[in-house]
Amino acid sequence: MSDAEEQTGPPITLVEPIDVSKLDSEFRKTIRSMPNGEELMACFACSTCTAACPIANQWDYKPHQLIRMILLGMRDDVLSSKEIWECLTCFQCQERCPQKVRVTDIFFDCKNLAAEEGMIPDNIIGLARELAEKGQLYVVTADWEREDLGLEPEVPGLSANGIREILKTTRTNKIVGGES
Ligand code: SF4
Ligand code: SF4
């Protein structure tokens, strides 16, 4: 193999053999029955979603492959994949799909299904915990910085209690170890 071939690596369509004994024929029906899944079956594997995706080149499974995996019934592989959680939710794929498959929203549905089965990456749980405790996902100014800058201890207008109350009505609270 030449150096150029080694650097290029395998084509993205070259994947591991599929273990048909693990396929779940109900999976695509589940996704299709969800509000975003109506056009799922219309996917004709054109890969436009993958071409539009700004992060696909970092993924083992590209967007069009994930959609194909859903259609094939590869439930465990999809729901345990890192890709559904790394999606930037930029909607580039969904905007460009010629078949109106709601790719981004389907990945949201996959995340919800994965969460219901407890398959949530630790960093996502950390973010949920931060939201429940601090009322925001990203701390713009750390506590010590606020003090140094003479700012109020709390960000004005930010109601962490309000957010906690809202979270109590969702299953997110259960995930972060609060009340169910
Ligand atoms: S762009 Fe749409 S039709 Fe093409 S592969 Fe992606 S989901 Fe399927
Ligand atoms: S929404 Fe997700 S899958 Fe779609 S283009 Fe953006 S990052 Fe890629």
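The values are calculated or read from the model by the stated rules, or taken from the named source; none is laboratory data. In this text the structure is predicted, and so the values were computed from the model without any measurement. Using ideal geometry, Cβ is built from the backbone for each residue, glycine included, and neighbour counts are taken over all protein chains shown.
Observations on the structure shown:
- Just one of the numbered conditions (1) over 23 Å from LYS174 (Cβ atoms); (2) within 14 Å of ligand 1 (Cβ to nearest atom); (3) surrounded by 20 or more Cβ atoms within 10 Å (Cβ to Cβ) is not true of MET74: (2).
- For region 34-61, residues that are assigned to a loop (DSSP other than H, G, I, E, B) and more than 9 Å from ligand 1 (Cβ to nearest atom) total 11.
- Scanning region 154-165 for residues that are at pLDDT 80 or above and exposed (fewer than 14 other Cβ atoms within 10 Å of the Cβ) gives ASN161, GLY162, GLU165.
- Residue count for region 27-47, restricted to those that are over 16 Å from CYS110 (Cβ atoms) and more than 16 Å from ligand 2 (Cβ to nearest atom): 3
- Scanning region 94-112 for any residue that is away from ligand 1 (no atom under 16 Å from the Cβ) and modelled with pLDDT under 95 turns up at least one such residue.
- Flag for VAL155 being in a loop (DSSP other than H, G, I, E, B) and either in the same structural domain as GLU38 (by TED's automatic domain parsing) or of a type in the set (Asp, Glu) (or both): no
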